[in-house]
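Since the structure comes first, as structure tokens, the remarks are kept for the end.
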Amino acid sequence: MFVYMDHTATTPTSPEVLKAMMPYFGENFGNPSSVYSFSRKSRSAVEKARTQVAQALNADSSEIFFTSSGTEADNWALKGTLDKARLTGKNHLITTQIEHHAILHTAEYLHKFEGVDVTYLPVDSEGFVNPDDVKAAITDKTALVSIMFANNEVGTIQPIKEIGAICRERKIPFHTDAVQGAAHLDIDVKAMNIDMLSMSAHKMYGPKGVGALFLRKGMRPENFMHGGAQEHKHRASTENIAGIVGFGEAMEILKTRLNEDKAINSARRDKLIAGILDKIPDAKLNGAVCGDKRLPNNINFSFIGVEGETLLLDLDARGISASTGSACSSESLDPSHVLLALGLKHEMAHGSLRFTIGRLTTDEQIDYVLEVLPEIVARRRAMSPLWEDYLKSKGEN
Amino acid sequence: MALDYSQKVMDHFINPRNVGEIANADGIGEAGNPKCGDIMKIYLKVNPDTNIIEDVKFKTFGCASAIASSSMATEMIKGRTVEEAWNLTNSAVAEALDGLPPIKMHCSVLAEEAIHEALNDYRAKHGMEIIPIEHHED
Ligand SMILES: Cc1ncc(COP(=O)(O)O)c(C=O)c1O
């Protein structure tokens with residue numbers, strides 16, 4: 001059985017999306033910036049996609065700017081806003097400890113090369129930012145608040161509307177990395193007080209290498225890509241027409257099935273969580289406990305005594321693709337910064353395992369994982385001195 | 001980050017040799033710490049007349065290469081004298097596994113250190129001189 005449970009890493013481009021994209025590789029290859037009538041098709045295709053994305057967010061199409069990725073949208077929002085704000089003496093950025101590296105490494109860059117002061121807000125044990133902490137961190141030098149919509153590792157959904165209201169009141173631009181959030185949740189940028197928002201197509205059954213930045217009217221971070229006059233002079237480079245068309249199509253489809261998908265995914269998520277808690281002793285759920293505040297497709301556990309990479313390889317041998325926050329599967333030797341920010345001990349962070357379900361998931365697959373995983377964890381624990389120590393210390397208490 | 005392990009590493013990871021504990025072991029050694037994500041514990045059964053390691057078992061918390069290194073290292077010292085076993089280097093373990101990714105070389109170091117700790121435990125119990133353990137990065 002091939003069981004793909006890593007939909008947060010990426011999703012397959014859906015057949016309908018691919019079909020909509022195809023003409024823009026071949027017959028409609030024109031450059032949208034050209035004057036002749038042939039290129040009009042490309043131009044109108046981009047504008048259609050812009051409307052599709054805008055409608056999904058309750059934004060105006062003039063507020064959507066296509067980029068090459070979620071990462072580029074994040075870089076643009078942070079660097080472009082701080083670059084401009086620094087001209088007026090504002091050099092403070094507020095973000096969180098649990099952001100994706102697209103935000104964290106950009107913030108580190110701004111600190112190192114542009115002298116920006118960065119506040120990394122902590123989170124509680126379930127991964128929530130406290131809006132009061134945002135309020136308290138704001139100074140008269142604050143140029144931007146950037147807080148992710150939903151976390152990619154543990155699925156925790158932040159109180160975005162409330163944080164947005166705080167920023168709006170203090171007249172500070174509010175950016176949110178919604179690369180995961182937009183793929184699963186209803187987002188209304190107006191109702192949620194969002195000024196800037198990053199998205200990526202490949203997390204929502206669209207193609208890789210295309211994203212967008214929503215910029216509320218009046219928000220004008222300095223350009224990130226300098227060059228031609230594309231995207232109303234705000235993002236240079238000849239448009240990735242096929243990619244943009246695919247993104248628009250994927251977003252429209254997502255929106256039509258959002259509630260249905262949410263219901264199916266949450267039911268399967270809850271079944272998998274309950275099953276793991278039931279069948280595996282000393283399994284710890286990471287992230288938000290309340291289902292409404294957790295991405296409907298995220299399941300993240302730590303198993304004391306076992307290291308995550310071994311679980312991934314054992315699962316892979318049984319046909320299951322999952323993910324871990326263990327250092328052993330990364331280039332550094334530190335475990336996930338997100339799990340550490342939630343207060344997990346290093347050995348628990350090393351033992352984390354993430355399943356992210358989606359359109360490829362079936363009920364049979366959930367049952368299969370619940371059949372295979374307990375055996376795997378038990379077998380690896382049996383060869384772990386840490387598990388032995390843990391059992392001893394439990395016995396003593 | 002996908003790591004490409006050799007077939008030998010995968011073989012020793014999926015079917016590790018010499019897993020377990022030895023009751024009343026003649027030497028026990030441990031290396032690593034949970035913070036770094038690796039702990040290795042080695043148990044030795046040694047014939048006191050010949051100083052030959054008759055049995056060896058391990059328990060390891062860590063990634064695939066840590067488990068494979070423990071498995072391979074125990075195979076390599078089984079049937080050897082305690083003196084011969086001391087000379088097992090981490091690079092010999094890594095080589096026997098057809099190599100480890102550079103970032104995983106410390107796993108083979110851990111195997112060498114755990115074995116040295118176990119051998120010293122045995123040596124101390126049998127009135128032999130304790131050999132200083134070299135801790136190295138790779
Ligand atoms: C929260 C979050 N932000 C940003 C990104 C980066 O998006 P992209 O792959 O489009 O650059 C990801 C992708 O993993 C993500 O999960």
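The values are calculated or read from the model by the stated rules, or taken from the named source; none is laboratory data. Small disclaimer: the values here were computed from a predicted structure and weren't measured. Quick reminder, even Gly has a Cβ in these numbers, built from the backbone with ideal geometry, and neighbours come from all protein chains shown. Accessible surface areas use protein heavy atoms only, side chains included; no ligands, DNA or RNA. Shrake-Rupley method; radii C 1.70, N 1.55, O 1.52, S 1.80 Å.
Quick one: which of A:Lys112, A:Lys84 is without any contact (Cβ under 8 Å) to a residue 40 or more places away in the chain, in the same structural domain as A:Met199 (by TED's automatic domain parsing) and among the basic types (Lys, Arg)? Only one candidate passes the filter, namely A:Lys112.
Might you let me know whether the range A:300-315 holds any residue that is over 22 Å from A:Leu386 (Cα atoms) and not assigned by TED's automatic domain parsing to the domain that holds A:Thr156?
The answer is no; no qualifying residue exists.
In the set (1) away from the ligand (no atom under 16 Å from the Cβ); (2) of a type in the set (D, E, K, R); (3) open to solvent by less than 10 Å² (accessible area, probe 1.4 Å), the condition left unmet by A:Arg43 is number (3). The residue list A:Ala263, A:Ala236, A:Ala229, A:Ala274 contains one member that is under 30 Å from A:Asn31 (Cβ atoms), without any contact (Cβ under 8 Å) to a residue 60 or more places away in the chain and of a type in the set (A, V, I, L, M, F, W, C), which is A:Ala236. Can you pull out the residues in the range A:236-251 that are open to solvent by less than 60 Å² (accessible area, probe 1.4 Å) and not in a helix (DSSP H, G or I)? Those that are open to solvent by less than 60 Å² (accessible area, probe 1.4 Å) and not in a helix (DSSP H, G or I): A:Ala236, A:Ser237, A:Glu239. Where residues in the range A:130-152 are more than 20 Å from A:Thr81 (Cβ to Cβ) and in a loop (DSSP other than H, G, I, E, B), which of them is nearest to the ligand (Cβ to nearest atom)? Top of the filtered list is A:Asn152.
Look at A:Ile194 and say whether it is assigned to a loop (DSSP other than H, G, I, E, B), away from the ligand (no atom under 16 Å from the Cβ), touching a strand residue (DSSP E or B) at 6+ places or on another chain (Cβ under 7 Å) and over 23 Å from A:Val289 (Cβ atoms). Here the answer is no, as A:Ile194 does not meet what is asked.
Taking A:Val118 as the residue in question, decide whether it is buried (at least 22 other Cβ atoms within 10 Å of the Cβ) and either assigned to a loop (DSSP other than H, G, I, E, B) or among the β-branched types (Val, Ile, Thr) (or both). No. When A:Ala9 is tested against the conditions (1) part of a helix (DSSP H, G or I); (2) within 16 Å of the chain's Cα centre (by Cα); (3) in contact (Cβ under 8 Å) with a residue 24 or more places away in the chain, the lone failure is (1).
Residues that are open to solvent by less than 10 Å² (accessible area, probe 1.4 Å), more than 8 Å from chain A (Cβ to nearest Cβ) and at positive phi within the range B:7-39 are absent altogether.
Of all residues assigned to the range A:214-231, at least one qualifies as being within 16 Å of the ligand (Cβ to nearest atom), open to solvent by less than 10 Å² (accessible area, probe 1.4 Å) and not hydroxyl-bearing (Ser, Thr, Tyr).
Within the range A:103-119, track down each residue that is within 16 Å of the ligand (Cβ to nearest atom) and within 18 Å of A:Gln158 (Cα to Cα). Passing the criteria: A:Ile103, A:Leu104. Criterion applied to A:Leu258, A:Leu254, A:Leu272 was being assigned to a helix (DSSP H, G or I), within 16 Å of the ligand (Cβ to nearest atom) and under 26 Å from A:Asp363 (Cα atoms), and the one residue passing it is A:Leu254. I'm trying to understand the selection: among the residues of the range A:342-375, which are over 17 Å from A:Ile299 (Cα atoms) and surrounded by 22 or more Cβ atoms within 10 Å (Cβ to Cβ)? Correct list: A:Glu347 only. May I ask you to verify whether A:Gly243 is farther than 30 Å from A:Pro159 by Cα and either in the same structural domain as A:Ala54 (by TED's automatic domain parsing) or at pLDDT below 95 (or both)? Against the criterion (farther than 30 Å from A:Pro159 by Cα and either in the same structural domain as A:Ala54 (by TED's automatic domain parsing) or at pLDDT below 95 (or both)), A:Gly243 qualifies. Cβ separations smaller than 8 Å between residues 6+ apart or across chains give the following pairs from the range A:47-70 residues that are within 21 Å of A:Arg257 (Cβ to Cβ) and among the hydroxyl-bearing types (Ser, Thr, Tyr) to residues that are open to solvent by 40 Å² or more (accessible area, probe 1.4 Å) and more than 16 Å from the ligand (Cβ to nearest atom): A:Thr51/A:Ser61.
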